[in-house]
Amino acid sequence: MNSVVFQNREGMPIAMLGLAAPVAPERFCIFTNMCFTAELFQSRESQVLLPDRPTEYRCRYAEASDGYEITFENQNGWRITVALDDEVEGQWSAEKDGERIEGLARGLTGDRCAA
């Protein structure tokens, strides 16, 4: 898996997380913007996932028999977790200071596109 599309709860894409190769327990990743509406851009999800500027993060990438988990902290101190099943579909969450937001996630492998 080379990237993950972050979506809000309604399935609208917010950002894509690109993952550096090779696959290892620790990889580098970076968020990139995706097409979205002005309303979605101003949402709490976008504020958390797309802070000021693109930044490279050190991500923990764990592959298990039932899927994948990616965890990292962004430059604003949000702890982000992505849990994907074997079909590389699942959810993401972000936590900081007792606040938690979440949405849908879908992994992309190069031969598959997000719907």
Among residues of segment 1-12, those that are assigned to a strand (DSSP E or B) and buried (at least 18 other Cβ atoms within 10 Å of the Cβ), counted: 4
Set 67, 18: member being on the phi > 0 side of the Ramachandran plot and not hydroxyl-bearing (Ser, Thr, Tyr): 67
Segment 51-79 residues that are within 18 Å of residue 19 (Cβ to Cβ) and small (Gly, Ala, Ser), paired with ones that are assigned to a loop (DSSP other than H, G, I, E, B) and open to solvent by 20 Å² or more (accessible area, probe 1.4 Å) (beta carbon under 8 Å, 6 or more apart): 62/25; 67/85; 67/86
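Okay, residues lined up against (1) at pLDDT 95 or above; (2) among the aliphatic types (A, V, I, L, M); (3) open to solvent by less than 40 Å² (accessible area, probe 1.4 Å):
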residue	(1), (2), (3)
63	no, no, no
68	no, no, no
76	no, no, no
90	yes, no, yes
98	yes, no, no
103	yes, no, yes
107	no, no, yes
112	no, no, no
115	no, yes, no
Within segment 20-39, tally of residues that are assigned to a strand (DSSP E or B) and open to solvent by 20 Å² or more (accessible area, probe 1.4 Å): 5
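The values are calculated or read from the model by the stated rules, or taken from the named source; none is laboratory data. All figures in this text were calculated on a predicted structure; none of them were measured in a lab. Cβ sites come from the backbone with ideal geometry, for glycine too, and all protein chains shown count toward neighbours. We work out accessible area using only protein heavy atoms, side chains counted, and drop any ligands, DNA or RNA first. Shrake-Rupley method; radii C 1.70, N 1.55, O 1.52, S 1.80 Å.
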